[in-house]
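Data block below; observations after.
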Amino acid sequence: MDSSQLYQEIILDHNKKPRNWGKVADCTHKSEGLNPLCGDHIWVTLKLADGAIDAIAFEGQSCAICKASASMMTAAVKGRKVDEVETLVQEFRDMTTGKLDVAGGAHHLGRLTVFAGVKDLPVRVKCAILPWHTLHAALTQEAVASTEGDNDPIAAG
Amino acid sequence: MSAVPLQTPASGPLDLERVRADFPILSEVQVHGKPLVYLDNAASSQMPRPVIDRLVRYQTREHANIHRGVHYLSAVATDAYEAARGTVRRFLNAREDREIVFTSNVTDAINLVAHGYGRAFLGAGDEIVITHMEHHANIVPWQMLCEEKGAKLRVAPIDDAGEVVMEEYEKLFNPRTKLVSVTHVSNALGTVNPVKEMIAIARHHGVPIMIDGAQAVQHMPVDVQALDCDFYAFTGHKLFGPTGVGVLYGKAALLEKMRPFRGGGDMILSVTFEKTTYNTIPFKFEAGTPPIAQAIALAAAIDYVKEIGLDRIAAHERELLRYATESLQAIPGVRIIGTAREKASVLSFYVGDVHPHDVGTLLNDDGIAVRTGHHCAQPVMQRYGIPATARASFAFYNTLAEVDKLAASVRWVQKLFG
Ligand SMILES: Cc1ncc(COP(=O)(O)O)c(C=O)c1O
(Lines give C-alpha, C1' and ligand atoms only; values in the text may rest on other atoms or scores of the structure.)
Protein backbone atom coordinates (compact mmCIF):
# COMPACT_ATOMS: atom_id res chain seq x y z
CA MET A 1 0.00 0.00 0.00
CA ASP A 2 1.03 3.58 -0.45
CA SER A 3 2.11 4.97 2.87
CA SER A 4 0.29 8.19 2.09
CA GLN A 5 -2.85 6.23 2.94
CA LEU A 6 -1.47 5.97 6.45
CA TYR A 7 -0.63 9.62 6.70
CA GLN A 8 -4.28 10.54 6.91
CA GLU A 9 -5.70 13.83 8.06
CA ILE A 10 -6.22 12.60 11.59
CA ILE A 11 -2.66 11.37 12.02
CA LEU A 12 -1.21 14.53 10.52
CA ASP A 13 -3.44 16.57 12.79
CA HIS A 14 -2.35 14.76 15.95
CA ASN A 15 1.24 15.09 14.85
CA LYS A 16 0.86 18.83 14.45
CA LYS A 17 -1.24 19.40 17.55
CA PRO A 18 -0.50 16.55 19.92
CA ARG A 19 -3.06 16.15 22.70
CA ASN A 20 -1.92 15.75 26.30
CA TRP A 21 1.57 16.97 25.51
CA GLY A 22 3.82 17.48 28.53
CA LYS A 23 4.09 15.94 31.96
CA VAL A 24 1.63 15.00 34.69
CA ALA A 25 3.20 16.87 37.60
CA ASP A 26 1.82 14.61 40.35
CA CYS A 27 2.19 11.41 38.38
CA THR A 28 2.09 8.04 40.09
CA HIS A 29 3.60 6.17 37.14
CA LYS A 30 6.05 7.07 34.44
CA SER A 31 8.19 5.46 31.82
CA GLU A 32 10.58 6.30 29.04
CA GLY A 33 10.32 4.70 25.62
CA LEU A 34 13.13 4.40 23.15
CA ASN A 35 13.30 3.10 19.63
CA PRO A 36 17.02 2.96 18.90
CA LEU A 37 16.39 2.18 15.25
CA CYS A 38 15.00 5.57 14.37
CA GLY A 39 15.67 7.57 17.49
CA ASP A 40 12.08 7.92 18.68
CA HIS A 41 12.29 8.86 22.32
CA ILE A 42 9.23 9.58 24.44
CA TRP A 43 8.21 9.90 28.06
CA VAL A 44 4.79 8.94 29.39
CA THR A 45 3.60 10.13 32.79
CA LEU A 46 0.27 9.26 34.32
CA LYS A 47 -1.73 9.40 37.50
CA LEU A 48 -3.73 6.42 38.64
CA ALA A 49 -6.71 6.97 40.91
CA ASP A 50 -9.13 4.22 41.95
CA GLY A 51 -7.63 1.84 39.44
CA ALA A 52 -8.23 4.17 36.52
CA ILE A 53 -6.11 6.64 34.57
CA ASP A 54 -6.95 10.01 35.99
CA ALA A 55 -4.38 11.99 34.03
CA ILE A 56 -1.87 11.13 31.34
CA ALA A 57 0.63 13.06 29.26
CA PHE A 58 3.54 12.42 26.94
CA GLU A 59 6.42 14.31 25.43
CA GLY A 60 9.56 13.60 23.48
CA GLN A 61 11.04 13.56 20.07
CA SER A 62 9.62 11.28 17.45
CA CYS A 63 8.28 10.76 13.97
CA ALA A 64 4.71 11.58 13.04
CA ILE A 65 3.50 8.00 13.33
CA CYS A 66 4.84 7.71 16.86
CA LYS A 67 3.68 11.10 17.97
CA ALA A 68 0.17 10.70 16.58
CA SER A 69 -0.05 7.24 18.07
CA ALA A 70 0.95 8.61 21.48
CA SER A 71 -1.43 11.53 21.21
CA MET A 72 -4.40 9.38 20.26
CA MET A 73 -3.43 6.83 22.87
CA THR A 74 -3.52 9.36 25.69
CA ALA A 75 -6.91 10.55 24.52
CA ALA A 76 -8.19 6.98 24.29
CA VAL A 77 -7.05 5.73 27.69
CA LYS A 78 -7.87 8.72 29.85
CA GLY A 79 -10.50 7.74 32.39
CA ARG A 80 -10.22 4.04 31.61
CA LYS A 81 -9.56 1.27 34.12
CA VAL A 82 -6.15 -0.39 34.02
CA ASP A 83 -7.45 -3.72 32.74
CA GLU A 84 -9.32 -1.98 29.93
CA VAL A 85 -6.14 -0.13 29.07
CA GLU A 86 -4.12 -3.33 28.97
CA THR A 87 -6.73 -4.81 26.63
CA LEU A 88 -6.34 -1.81 24.35
CA VAL A 89 -2.55 -2.16 24.44
CA GLN A 90 -2.90 -5.77 23.36
CA GLU A 91 -5.41 -4.99 20.65
CA PHE A 92 -3.31 -2.15 19.28
CA ARG A 93 -0.28 -4.40 19.17
CA ASP A 94 -2.28 -7.16 17.45
CA MET A 95 -3.69 -4.73 14.91
CA THR A 96 -0.34 -3.25 13.92
CA THR A 97 1.35 -6.64 13.67
CA GLY A 98 -1.47 -7.99 11.53
CA LYS A 99 -2.88 -10.44 14.07
CA LEU A 100 -6.14 -8.61 14.52
CA ASP A 101 -8.26 -7.81 11.51
CA VAL A 102 -10.05 -4.67 12.62
CA ALA A 103 -12.67 -4.96 9.91
CA GLY A 104 -13.66 -8.46 11.00
CA GLY A 105 -12.98 -9.11 14.68
CA ALA A 106 -14.44 -7.51 17.80
CA HIS A 107 -12.27 -4.87 19.45
CA HIS A 108 -12.32 -1.59 21.33
CA LEU A 109 -9.95 0.42 19.17
CA GLY A 110 -12.40 2.92 17.72
CA ARG A 111 -10.58 5.67 15.84
CA LEU A 112 -7.24 4.04 16.58
CA THR A 113 -7.93 1.80 13.59
CA VAL A 114 -6.38 4.55 11.43
CA PHE A 115 -3.13 2.85 12.39
CA ALA A 116 -4.18 -0.50 10.90
CA GLY A 117 -2.27 0.30 7.69
CA VAL A 118 1.03 0.37 9.53
CA LYS A 119 1.08 -3.43 9.42
CA ASP A 120 2.03 -3.11 5.75
CA LEU A 121 5.03 -0.95 6.66
CA PRO A 122 7.04 -3.35 8.82
CA VAL A 123 9.82 -0.86 9.55
CA ARG A 124 7.31 1.61 10.93
CA VAL A 125 5.38 -0.80 13.16
CA LYS A 126 7.73 -0.04 16.01
CA CYS A 127 7.08 3.67 15.70
CA ALA A 128 3.35 3.16 16.17
CA ILE A 129 3.71 0.69 19.01
CA LEU A 130 6.34 2.54 21.06
CA PRO A 131 3.88 4.73 23.01
CA TRP A 132 1.82 1.68 23.89
CA HIS A 133 4.88 -0.21 25.09
CA THR A 134 5.81 2.77 27.15
CA LEU A 135 2.36 3.03 28.66
CA HIS A 136 2.41 -0.65 29.47
CA ALA A 137 5.86 -0.26 31.03
CA ALA A 138 4.65 2.69 33.11
CA LEU A 139 1.69 0.70 34.38
CA THR A 140 3.91 -2.22 35.29
CA GLN A 141 6.55 0.15 36.69
CA GLU A 142 9.38 -0.67 34.34
CA ALA A 143 11.68 2.30 34.05
CA VAL A 144 12.54 2.13 30.38
CA ALA A 145 10.64 0.55 27.53
CA SER A 146 12.39 -0.36 24.36
CA THR A 147 11.21 -1.66 21.03
CA GLU A 148 14.20 -3.98 20.96
CA GLY A 149 14.69 -7.37 22.57
CA ASP A 150 11.74 -8.93 24.35
CA ASN A 151 9.44 -6.13 23.33
CA ASP A 152 10.26 -6.39 19.66
CA PRO A 153 6.81 -6.52 18.08
CA ILE A 154 8.14 -8.42 15.11
CA ALA A 155 10.40 -10.87 16.91
CA ALA A 156 7.83 -11.40 19.62
CA GLY A 157 5.61 -12.47 16.69
CA MET B 1 42.82 -11.53 -14.84
CA SER B 2 39.29 -11.06 -15.99
CA ALA B 3 38.64 -8.56 -18.71
CA VAL B 4 35.50 -6.59 -18.14
CA PRO B 5 33.51 -6.05 -21.30
CA LEU B 6 33.87 -2.45 -22.32
CA GLN B 7 30.41 -0.97 -21.97
CA THR B 8 31.26 2.68 -22.35
CA PRO B 9 33.86 4.50 -24.37
CA ALA B 10 36.94 5.32 -22.37
CA SER B 11 36.78 9.07 -22.64
CA GLY B 12 34.29 11.89 -22.92
CA PRO B 13 31.33 12.36 -20.61
CA LEU B 14 29.49 9.40 -19.18
CA ASP B 15 26.98 7.75 -21.47
CA LEU B 16 24.43 7.44 -18.70
CA GLU B 17 21.99 5.33 -20.62
CA ARG B 18 24.63 2.73 -21.31
CA VAL B 19 25.98 2.88 -17.79
CA ARG B 20 22.52 2.39 -16.35
CA ALA B 21 21.93 -0.56 -18.66
CA ASP B 22 24.88 -2.25 -16.92
CA PHE B 23 22.93 -2.30 -13.62
CA PRO B 24 20.05 -4.76 -13.95
CA ILE B 25 18.42 -3.74 -10.67
CA LEU B 26 17.83 -0.20 -11.95
CA SER B 27 15.40 -1.42 -14.58
CA GLU B 28 14.12 -4.63 -13.00
CA VAL B 29 12.76 -3.17 -9.81
CA GLN B 30 9.63 -1.11 -9.56
CA VAL B 31 8.38 0.36 -6.30
CA HIS B 32 4.68 1.13 -6.04
CA GLY B 33 4.57 0.75 -9.80
CA LYS B 34 7.22 3.42 -10.25
CA PRO B 35 10.78 3.07 -11.47
CA LEU B 36 13.30 2.68 -8.70
CA VAL B 37 15.20 5.86 -7.87
CA TYR B 38 18.07 4.48 -5.88
CA LEU B 39 19.66 7.20 -3.78
CA ASP B 40 21.02 5.08 -0.95
CA ASN B 41 24.41 4.35 -2.41
CA ALA B 42 26.32 5.39 0.68
CA ALA B 43 24.64 2.54 2.55
CA SER B 44 25.29 0.05 -0.22
CA SER B 45 25.70 0.43 -3.94
CA GLN B 46 24.33 -1.73 -6.74
CA MET B 47 26.23 -4.28 -8.76
CA PRO B 48 26.79 -4.02 -12.51
CA ARG B 49 26.34 -6.97 -14.85
CA PRO B 50 30.07 -7.65 -15.35
CA VAL B 51 30.48 -8.13 -11.58
CA ILE B 52 27.41 -10.34 -11.35
CA ASP B 53 28.74 -12.31 -14.33
CA ARG B 54 32.11 -12.68 -12.64
CA LEU B 55 30.44 -14.14 -9.55
CA VAL B 56 28.48 -16.55 -11.68
CA ARG B 57 31.53 -17.55 -13.70
CA TYR B 58 33.50 -18.18 -10.54
CA GLN B 59 30.77 -20.28 -8.99
CA THR B 60 30.08 -22.23 -12.17
CA ARG B 61 33.65 -22.85 -13.33
CA GLU B 62 36.30 -21.95 -10.80
CA HIS B 63 35.30 -22.64 -7.22
CA ALA B 64 37.31 -24.66 -4.74
CA ASN B 65 39.03 -23.84 -1.49
CA ILE B 66 42.25 -21.91 -1.90
CA HIS B 67 45.85 -22.37 -0.77
CA ARG B 68 45.02 -25.93 0.16
CA GLY B 69 44.73 -28.27 -2.75
CA VAL B 70 47.00 -29.59 -5.44
CA HIS B 71 44.07 -30.16 -7.73
CA TYR B 72 43.09 -28.10 -10.74
CA LEU B 73 40.19 -26.11 -9.31
CA SER B 74 42.04 -25.20 -6.15
CA ALA B 75 44.81 -23.73 -8.27
CA VAL B 76 42.33 -21.81 -10.44
CA ALA B 77 40.56 -20.39 -7.40
CA THR B 78 43.82 -19.55 -5.66
CA ASP B 79 45.11 -17.77 -8.75
CA ALA B 80 41.92 -15.76 -9.13
CA TYR B 81 41.88 -14.84 -5.44
CA GLU B 82 45.53 -13.75 -5.45
CA ALA B 83 44.99 -11.88 -8.71
CA ALA B 84 42.19 -10.02 -6.96
CA ARG B 85 44.69 -9.00 -4.30
CA GLY B 86 46.87 -7.61 -7.05
CA THR B 87 43.95 -5.67 -8.51
CA VAL B 88 43.28 -4.12 -5.12
CA ARG B 89 46.94 -3.29 -4.68
CA ARG B 90 47.03 -1.44 -7.98
CA PHE B 91 43.74 0.28 -7.16
CA LEU B 92 45.24 1.72 -3.97
CA ASN B 93 48.74 1.95 -5.40
CA ALA B 94 50.20 -0.04 -2.53
CA ARG B 95 53.80 -1.19 -2.89
CA GLU B 96 53.25 -4.90 -2.47
CA ASP B 97 50.44 -7.42 -2.68
CA ARG B 98 51.19 -8.62 0.84
CA GLU B 99 50.11 -5.23 2.17
CA ILE B 100 46.54 -6.05 1.12
CA VAL B 101 44.48 -8.06 3.61
CA PHE B 102 41.02 -9.27 2.69
CA THR B 103 38.55 -8.85 5.54
CA SER B 104 34.81 -9.27 5.65
CA ASN B 105 34.05 -5.52 5.56
CA VAL B 106 35.54 -2.25 6.72
CA THR B 107 34.27 -2.79 10.25
CA ASP B 108 36.24 -6.01 10.36
CA ALA B 109 39.34 -4.19 9.04
CA ILE B 110 39.14 -1.57 11.78
CA ASN B 111 38.65 -4.24 14.42
CA LEU B 112 41.66 -6.05 13.01
CA VAL B 113 43.83 -2.99 13.58
CA ALA B 114 42.31 -2.34 17.01
CA HIS B 115 43.16 -5.89 17.96
CA GLY B 116 46.33 -6.57 16.02
CA TYR B 117 47.97 -3.22 16.60
CA GLY B 118 46.02 -1.60 19.43
CA ARG B 119 45.96 -4.51 21.84
CA ALA B 120 49.58 -5.26 21.15
CA PHE B 121 51.04 -1.77 21.42
CA LEU B 122 48.75 0.45 23.47
CA GLY B 123 48.73 0.69 27.23
CA ALA B 124 47.15 2.56 30.12
CA GLY B 125 47.06 6.31 29.65
CA ASP B 126 47.76 6.12 25.91
CA GLU B 127 45.52 8.10 23.60
CA ILE B 128 43.71 7.42 20.34
CA VAL B 129 42.57 10.29 18.15
CA ILE B 130 39.40 10.17 16.03
CA THR B 131 37.04 12.90 14.79
CA HIS B 132 33.49 13.84 15.70
CA MET B 133 32.22 12.66 12.32
CA GLU B 134 33.19 8.99 12.54
CA HIS B 135 30.89 6.10 11.72
CA HIS B 136 30.24 3.90 14.76
CA ALA B 137 32.59 1.37 13.10
CA ASN B 138 35.41 3.81 13.70
CA ILE B 139 34.37 4.65 17.27
CA VAL B 140 33.28 1.51 19.04
CA PRO B 141 36.34 -0.70 18.36
CA TRP B 142 38.52 2.07 19.82
CA GLN B 143 36.24 2.49 22.81
CA MET B 144 36.45 -1.22 23.47
CA LEU B 145 40.22 -1.04 23.21
CA CYS B 146 40.33 1.98 25.55
CA GLU B 147 38.18 0.19 28.06
CA GLU B 148 40.40 -2.84 28.03
CA LYS B 149 43.68 -0.96 28.18
CA GLY B 150 42.76 2.07 30.23
CA ALA B 151 43.55 4.20 27.19
CA LYS B 152 41.72 7.35 26.24
CA LEU B 153 39.74 8.35 23.16
CA ARG B 154 40.31 11.93 22.01
CA VAL B 155 37.87 13.46 19.56
CA ALA B 156 38.70 16.23 17.11
CA PRO B 157 35.70 18.59 16.88
CA ILE B 158 33.87 19.58 13.71
CA ASP B 159 32.45 23.00 12.89
CA ASP B 160 28.92 23.91 11.78
CA ALA B 161 29.71 23.17 8.16
CA GLY B 162 30.89 19.69 9.09
CA GLU B 163 34.62 20.20 8.68
CA VAL B 164 37.21 19.01 11.15
CA VAL B 165 38.65 21.96 13.07
CA MET B 166 42.23 21.35 12.09
CA GLU B 167 43.87 23.46 14.82
CA GLU B 168 41.97 21.43 17.41
CA TYR B 169 42.91 18.20 15.69
CA GLU B 170 46.56 19.13 15.83
CA LYS B 171 46.30 20.23 19.46
CA LEU B 172 45.18 16.74 20.45
CA PHE B 173 48.62 15.31 19.74
CA ASN B 174 50.91 14.76 22.69
CA PRO B 175 53.46 12.14 23.72
CA ARG B 176 50.64 9.81 24.82
CA THR B 177 49.04 9.79 21.38
CA LYS B 178 49.60 6.31 19.99
CA LEU B 179 47.12 5.93 17.15
CA VAL B 180 44.90 8.03 14.89
CA SER B 181 41.91 6.77 12.93
CA VAL B 182 39.84 9.13 10.82
CA THR B 183 37.35 8.82 8.04
CA HIS B 184 38.27 9.94 4.55
CA VAL B 185 34.70 10.93 3.71
CA SER B 186 31.84 11.31 6.20
CA ASN B 187 28.90 9.04 5.45
CA ALA B 188 26.48 11.34 7.28
CA LEU B 189 27.71 14.75 6.07
CA GLY B 190 29.55 14.05 2.85
CA THR B 191 32.60 15.97 4.07
CA VAL B 192 35.84 15.03 2.34
CA ASN B 193 38.48 15.38 5.02
CA PRO B 194 41.90 16.83 4.24
CA VAL B 195 43.42 13.45 4.98
CA LYS B 196 46.72 14.27 3.38
CA GLU B 197 47.21 17.08 5.86
CA MET B 198 45.86 15.00 8.72
CA ILE B 199 48.27 12.21 7.88
CA ALA B 200 51.18 14.66 7.66
CA ILE B 201 50.35 15.94 11.15
CA ALA B 202 50.21 12.42 12.55
CA ARG B 203 53.46 11.61 10.78
CA HIS B 204 55.07 14.73 12.23
CA HIS B 205 54.22 13.42 15.69
CA GLY B 206 55.34 9.92 14.82
CA VAL B 207 51.89 8.41 15.31
CA PRO B 208 50.48 5.70 13.02
CA ILE B 209 47.29 6.71 11.28
CA MET B 210 44.44 4.70 9.82
CA ILE B 211 42.00 6.03 7.23
CA ASP B 212 38.45 4.69 6.94
CA GLY B 213 37.91 4.88 3.20
CA ALA B 214 34.46 3.26 3.14
CA GLN B 215 32.91 6.37 1.56
CA ALA B 216 35.90 7.50 -0.47
CA VAL B 217 37.13 4.85 -2.89
CA GLN B 218 33.91 4.89 -4.93
CA HIS B 219 34.23 8.63 -5.53
CA MET B 220 37.90 9.46 -6.02
CA PRO B 221 41.27 7.92 -6.79
CA VAL B 222 43.18 6.90 -3.68
CA ASP B 223 46.95 6.46 -3.61
CA VAL B 224 48.12 5.13 -0.27
CA GLN B 225 51.76 5.86 -1.07
CA ALA B 226 51.06 9.47 -1.95
CA LEU B 227 48.91 9.79 1.17
CA ASP B 228 51.53 7.99 3.24
CA CYS B 229 48.94 6.60 5.66
CA ASP B 230 49.75 3.50 7.69
CA PHE B 231 46.40 1.79 7.23
CA TYR B 232 43.59 2.31 4.76
CA ALA B 233 40.35 0.33 4.76
CA PHE B 234 37.31 0.04 2.55
CA THR B 235 34.34 -2.21 2.00
CA GLY B 236 33.30 -4.05 -1.17
CA HIS B 237 29.57 -3.49 -1.15
CA LYS B 238 29.89 0.29 -1.39
CA LEU B 239 32.18 -0.06 -4.40
CA PHE B 240 29.69 -1.89 -6.63
CA GLY B 241 31.00 -5.24 -5.38
CA PRO B 242 29.38 -7.85 -3.19
CA THR B 243 28.80 -7.84 0.55
CA GLY B 244 31.08 -9.95 2.71
CA VAL B 245 34.41 -8.59 1.57
CA GLY B 246 36.47 -5.65 2.76
CA VAL B 247 40.07 -4.58 2.44
CA LEU B 248 42.72 -3.52 4.87
CA TYR B 249 45.83 -1.97 3.45
CA GLY B 250 48.68 -1.75 5.93
CA LYS B 251 52.34 -0.90 5.56
CA ALA B 252 54.22 -4.18 5.51
CA ALA B 253 56.47 -3.26 8.42
CA LEU B 254 53.46 -2.55 10.62
CA LEU B 255 51.48 -5.59 9.54
CA GLU B 256 54.50 -7.74 10.27
CA LYS B 257 54.81 -6.67 13.85
CA MET B 258 51.08 -6.92 14.52
CA ARG B 259 49.32 -9.73 16.30
CA PRO B 260 47.05 -12.00 14.29
CA PHE B 261 43.39 -11.15 14.77
CA ARG B 262 41.80 -14.57 14.62
CA GLY B 263 43.34 -17.96 14.95
CA GLY B 264 42.65 -20.88 12.65
CA GLY B 265 43.54 -22.43 9.38
CA ASP B 266 45.52 -20.62 6.68
CA MET B 267 47.03 -18.16 9.15
CA ILE B 268 49.66 -20.62 10.35
CA LEU B 269 52.87 -22.08 9.02
CA SER B 270 52.99 -24.97 11.45
CA VAL B 271 50.99 -26.11 14.42
CA THR B 272 51.96 -28.43 17.22
CA PHE B 273 50.31 -28.48 20.61
CA GLU B 274 53.41 -26.84 22.01
CA LYS B 275 53.83 -24.07 19.51
CA THR B 276 52.22 -22.51 16.48
CA THR B 277 54.18 -20.49 13.97
CA TYR B 278 52.14 -17.84 12.25
CA ASN B 279 52.05 -17.47 8.53
CA THR B 280 53.56 -14.46 6.78
CA ILE B 281 51.51 -11.38 5.95
CA PRO B 282 48.86 -11.03 4.65
CA PHE B 283 47.87 -14.65 5.39
CA LYS B 284 48.52 -14.20 9.09
CA PHE B 285 45.35 -12.08 9.13
CA GLU B 286 43.19 -14.27 6.91
CA ALA B 287 42.26 -17.13 9.21
CA GLY B 288 39.77 -19.60 7.87
CA THR B 289 38.35 -19.75 4.37
CA PRO B 290 38.18 -16.16 3.16
CA PRO B 291 35.44 -14.59 1.03
CA ILE B 292 36.94 -16.03 -2.15
CA ALA B 293 34.09 -15.37 -4.55
CA GLN B 294 33.52 -11.94 -3.06
CA ALA B 295 37.15 -10.89 -3.34
CA ILE B 296 37.24 -11.98 -6.97
CA ALA B 297 34.02 -10.12 -7.70
CA LEU B 298 35.39 -7.07 -5.90
CA ALA B 299 38.32 -7.11 -8.30
CA ALA B 300 35.84 -7.18 -11.18
CA ALA B 301 34.08 -4.19 -9.62
CA ILE B 302 37.38 -2.33 -9.43
CA ASP B 303 38.05 -3.16 -13.08
CA TYR B 304 34.60 -1.85 -13.92
CA VAL B 305 35.09 1.39 -12.03
CA LYS B 306 38.44 1.88 -13.73
CA GLU B 307 36.84 1.35 -17.14
CA ILE B 308 34.30 4.03 -16.39
CA GLY B 309 37.06 6.17 -14.94
CA LEU B 310 37.12 7.70 -11.49
CA ASP B 311 37.69 11.14 -13.00
CA ARG B 312 34.53 10.88 -15.06
CA ILE B 313 32.69 9.47 -12.09
CA ALA B 314 33.83 12.40 -9.97
CA ALA B 315 32.80 14.93 -12.62
CA HIS B 316 29.30 13.50 -12.97
CA GLU B 317 28.83 13.15 -9.22
CA ARG B 318 29.95 16.74 -8.70
CA GLU B 319 27.21 17.79 -11.08
CA LEU B 320 24.65 15.63 -9.29
CA LEU B 321 25.64 17.03 -5.91
CA ARG B 322 25.55 20.62 -7.12
CA TYR B 323 22.15 20.20 -8.75
CA ALA B 324 20.67 18.30 -5.82
CA THR B 325 21.96 20.84 -3.34
CA GLU B 326 20.49 23.70 -5.35
CA SER B 327 17.20 21.91 -5.93
CA LEU B 328 16.66 21.07 -2.28
CA GLN B 329 17.88 24.42 -1.02
CA ALA B 330 15.32 26.08 -3.25
CA ILE B 331 12.54 24.43 -1.24
CA PRO B 332 11.58 26.65 1.69
CA GLY B 333 12.15 24.96 5.03
CA VAL B 334 14.64 22.40 3.76
CA ARG B 335 17.87 22.47 5.69
CA ILE B 336 21.01 20.78 4.46
CA ILE B 337 23.18 19.20 7.12
CA GLY B 338 26.81 19.19 6.08
CA THR B 339 28.00 22.11 3.99
CA ALA B 340 31.72 21.47 3.86
CA ARG B 341 33.68 23.02 1.01
CA GLU B 342 34.80 19.60 -0.20
CA LYS B 343 31.98 17.09 -0.35
CA ALA B 344 31.32 13.72 -1.91
CA SER B 345 27.87 13.14 -3.43
CA VAL B 346 26.15 12.64 -0.08
CA LEU B 347 23.35 14.99 0.88
CA SER B 348 21.82 14.92 4.35
CA PHE B 349 18.76 17.07 4.83
CA TYR B 350 15.89 17.97 7.06
CA VAL B 351 12.45 18.94 5.74
CA GLY B 352 10.85 21.62 7.92
CA ASP B 353 9.98 19.90 11.16
CA VAL B 354 8.98 16.64 9.51
CA HIS B 355 10.78 13.71 11.04
CA PRO B 356 13.20 12.09 8.56
CA HIS B 357 11.51 8.71 8.97
CA ASP B 358 8.27 10.16 7.73
CA VAL B 359 10.14 11.75 4.84
CA GLY B 360 11.76 8.43 3.94
CA THR B 361 8.51 6.49 4.14
CA LEU B 362 6.73 8.98 1.91
CA LEU B 363 9.56 9.27 -0.65
CA ASN B 364 9.34 5.51 -0.94
CA ASP B 365 5.82 5.98 -2.32
CA ASP B 366 7.49 7.62 -5.30
CA GLY B 367 9.97 4.78 -5.64
CA ILE B 368 12.75 6.87 -4.13
CA ALA B 369 15.17 5.07 -1.81
CA VAL B 370 16.90 7.34 0.69
CA ARG B 371 18.37 6.44 4.03
CA THR B 372 16.81 7.94 7.11
CA GLY B 373 18.18 7.72 10.60
CA HIS B 374 21.38 8.50 12.41
CA HIS B 375 23.51 6.77 9.75
CA CYS B 376 25.49 4.97 12.45
CA ALA B 377 26.94 8.33 13.36
CA GLN B 378 25.00 9.36 16.45
CA PRO B 379 27.67 11.82 17.63
CA VAL B 380 27.19 13.73 14.36
CA MET B 381 23.45 13.93 15.01
CA GLN B 382 24.12 15.11 18.57
CA ARG B 383 26.48 17.76 17.21
CA TYR B 384 23.63 19.25 15.16
CA GLY B 385 20.97 18.61 17.80
CA ILE B 386 18.85 16.41 15.59
CA PRO B 387 17.81 12.79 16.02
CA ALA B 388 18.25 11.81 12.40
CA THR B 389 18.43 13.07 8.85
CA ALA B 390 17.20 11.95 5.48
CA ARG B 391 20.15 11.27 3.23
CA ALA B 392 20.32 11.07 -0.52
CA SER B 393 23.59 9.60 -1.71
CA PHE B 394 24.40 9.45 -5.39
CA ALA B 395 26.40 7.09 -7.53
CA PHE B 396 27.57 7.67 -11.08
CA TYR B 397 24.49 5.89 -12.45
CA ASN B 398 22.12 8.45 -10.96
CA THR B 399 20.69 11.14 -13.21
CA LEU B 400 19.66 14.77 -12.96
CA ALA B 401 16.12 13.63 -13.76
CA GLU B 402 16.23 11.54 -10.59
CA VAL B 403 17.25 14.62 -8.65
CA ASP B 404 14.16 16.34 -10.05
CA LYS B 405 12.03 13.46 -8.79
CA LEU B 406 13.60 13.75 -5.36
CA ALA B 407 12.91 17.48 -5.21
CA ALA B 408 9.32 17.04 -6.39
CA SER B 409 8.73 14.34 -3.81
CA VAL B 410 10.18 16.48 -1.01
CA ARG B 411 7.85 19.31 -2.01
CA TRP B 412 4.91 16.93 -1.84
CA VAL B 413 5.92 15.74 1.65
CA GLN B 414 6.14 19.31 2.80
CA LYS B 415 2.71 20.08 1.42
CA LEU B 416 1.23 17.02 3.06
CA PHE B 417 2.55 18.08 6.45
CA GLY B 418 1.40 21.63 5.78
C1 LIG C 1 32.46 5.82 6.91
C2 LIG C 1 32.03 4.41 7.13
N3 LIG C 1 32.78 3.59 7.87
C4 LIG C 1 32.42 2.32 8.09
C5 LIG C 1 31.27 1.78 7.56
C6 LIG C 1 30.93 0.35 7.83
O7 LIG C 1 30.91 -0.41 6.67
P8 LIG C 1 30.67 -1.97 6.76
O9 LIG C 1 29.32 -2.13 7.38
O10 LIG C 1 30.70 -2.47 5.37
O11 LIG C 1 31.72 -2.54 7.62
C12 LIG C 1 30.46 2.60 6.78
C13 LIG C 1 29.21 2.06 6.22
O14 LIG C 1 28.12 2.40 6.54
C15 LIG C 1 30.84 3.94 6.58
O16 LIG C 1 30.07 4.75 5.85
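The values are calculated or read from the model by the stated rules, or taken from the named source; none is laboratory data. As the structure is a prediction and not an experimental result, all values here were calculated from the model. Every residue, glycine among them, receives a Cβ derived from its backbone with ideal geometry; neighbour counts consider all protein chains shown.
Numbers for the structure displayed
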item	result
Any chance B:Lys178 is part of a strand (DSSP E or B), more than 16 Å from the ligand (Cβ to nearest atom) and at pLDDT 95 or above	yes
Residue within the stretch B:357-375 that is closer than 23 Å to B:Val165 by Cβ and not assigned by TED's automatic domain parsing to the domain that holds B:Val185 present	yes
Criterion violated by B:Met220 - all others in (1) buried (at least 21 other Cβ atoms within 10 Å of the Cβ); (2) within 16 Å of the ligand (Cβ to nearest atom); (3) in contact (Cβ under 8 Å) with a residue 40 or more places away in the chain satisfied	(1)
Matching option when the condition is within 16 Å of the ligand (Cβ to nearest atom), at pLDDT 95 or above, in the same structural domain as B:Gln294 (by TED's automatic domain parsing) and of a type outside the set (A, V, I, L, M, F, W, C), among B:Asp97, B:Asp108	B:Asp108
Some residue of the stretch B:148-171 being of a type in the set (Lys, Arg) and either out of contact with any Lys or Arg (no Cβ under 8 Å at 6 or more places or on another chain) or within 15 Å of the ligand (Cβ to nearest atom) (or both)	yes
Residue check for B:His132: within 16 Å of the ligand (Cβ to nearest atom), in contact with a Pro (Cβ under 7 Å, 6 or more places away or on another chain) and either more than 23 Å from B:Met381 (Cβ to Cβ) or at pLDDT 95 or above (or both)	yes
Residue in the stretch B:389-402 that is over 23 Å from A:Ser4 (Cα atoms) and of a type in the set (D, E, K, R) present	no
The stretch B:226-246, residues that are more than 11 Å from the ligand (Cβ to nearest atom) and in a strand (DSSP E or B)	B:Phe231, B:Tyr232
Filter pass, A:Asp50 being within 14 Å of another protein chain (Cβ to nearest Cβ), over 15 Å from the mean Cα position of the chain (by Cα), modelled with pLDDT under 95 and surrounded by fewer than 18 Cβ atoms within 10 Å (Cβ to Cβ)	no
Looking only at the stretch B:20-54, and only at residues there that are more than 16 Å from the ligand (Cβ to nearest atom) and within 14 Å of another protein chain (Cβ to nearest Cβ), the one that is surrounded by the fewest Cβ atoms within 10 Å (Cβ to Cβ)	B:Gly33
